[in-house]
Amino acid sequence: MAVSDVPHHRTVRQLGIWIAVASALVVIGVVGSVLGARAVAQNDRQQARSAFTASAAEVASKLILIIEHEEDLVVGARAFIAENPNASQAAFLRWATVMGALERSPELEGGGEVAIVPASRLAAFVARQTAEPASPLPAGGSYRVLPPGRRAYYCLLAVVLARRLQASAVPVGFDFCALKTALRTALFAARDSGESAYLPNRTGRRTELLIETPIYRGGVVPKTVAERRRTL
């Protein structure tokens, strides 16, 4: 019995060692699987991040090209209005047709000129708009400033180009400067800086990018803020 006990204990010890090794292998295998899964997930995230970055860069590049294209159109409109400060709606539409504004810019919803009209010139402006309105007058054919009231000046749409006139927009005679809005803030910031302003505009379910650019008499940006305000 004593002799036979020796191999038995050795076998037990060896078995214990193999069990320990097997357990270690299992643990290593589990850890390896976890690390492998984590590496795969990290690689997937990196690939997804790289794909998103590439897509975002492509979208940004296309958007920049579109904005640059719109800015070219804005420069053309600015030159036309500077040369024709009292241009009629018909003249503005002829210019837009010659430029192919809507055809060459499928993303363009429209544009126009907002004139800052002092109270002393309001009657003359209303007369011109009644004779040839920038957009259809309401029933009765009368031009009314909205919201009504006496103010030192009014910011009124003088000419307009719209892909979908009814969707565009803005009621006839709407005073952009009567309400404290982001549009009004951007308008006066552009006037004082001499540079274009960019801002989002929510229209129903759509968010549009508005580009506002100041136009000064003579077509040149004056050097001082006081001159810019006087010659806008």
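Keeping every protein chain present and rolling a 1.4 Å probe, give me the accessible area per residue for the stretch 150-232 in Å².
62 Å²
What are the ³J(HN,Hα) values, in whole Hz, obtained from phi via the Karplus relation 6.51 cos²θ - 1.76 cosθ + 1.60 with θ = phi - 60°, for each residue of the stretch 143-160 in sequence order, with x given for Gly and Pro?
9, 10, 6, 10, x, x, x, 8, 9, 5, 7, 9, 10, 10, 6, 8, 9, 8
Mind checking the full-extension length gain between Thr185 and Glu58? Use 0.36 nm per residue of separation minus the Cα-Cα distance, one decimal, nm.
Contour length minus Cα-Cα distance gives 42.5 nm.
Do me a favour and compute the ellipsoid semi-axes for the stretch 182-232 from its Cα gyration tensor, root of five times each eigenvalue, largest one first, whole Å.
After diagonalising the Cα gyration tensor, the semi-axes are 26, 9, 7 Å.
Could you list which residues have their amide H under 5 Å from that of Ala158, counting only those 5 or more apart in sequence or on another chain, with H placed in the peptide plane?
Correct list: Glu113, Val114, Ala115.
Please list, by residue number, everything in the stretch 131-161 whose backbone N is under 19 Å from a paramagnetic label point 7 Å out along Cα→Cβ of Arg229.
151-156, by backbone N distance to the label point.
Just the number, please: Stokes-Einstein D of the stretch 89-232 in µm²/s, Kirkwood Rh from C-alpha pairs, 10 °C, 1.306 mPa s.
Diffusion coefficient, whole number: 97 µm²/s.
Counting only the backbone N, which residues of the stretch 119-160 are under 14 Å from the spot 7 Å out from the Cα of Leu210 toward its beta-carbon?
Hits in the stretch 119-160 for Leu210 at 14 Å: 155-158.
Heavy atoms only, probe 1.4 Å: what % of the accessible area of the stretch 72-161 goes to carbon and sulfur, would you let me know?
Ligands and nucleic acids excluded, carbon and sulfur reach 59 percent.
The values are calculated or read from the model by the stated rules, or taken from the named source; none is laboratory data. In this text, all values refer to a predicted model and were calculated from it rather than measured experimentally. As a convention, Cβ positions derive from the backbone with ideal geometry for all residues, glycine included, and neighbour counts pool all protein chains shown. Only protein heavy atoms, including side chains, enter the accessible area calculation; ligands, DNA and RNA are left aside. Shrake-Rupley method; radii C 1.70, N 1.55, O 1.52, S 1.80 Å.
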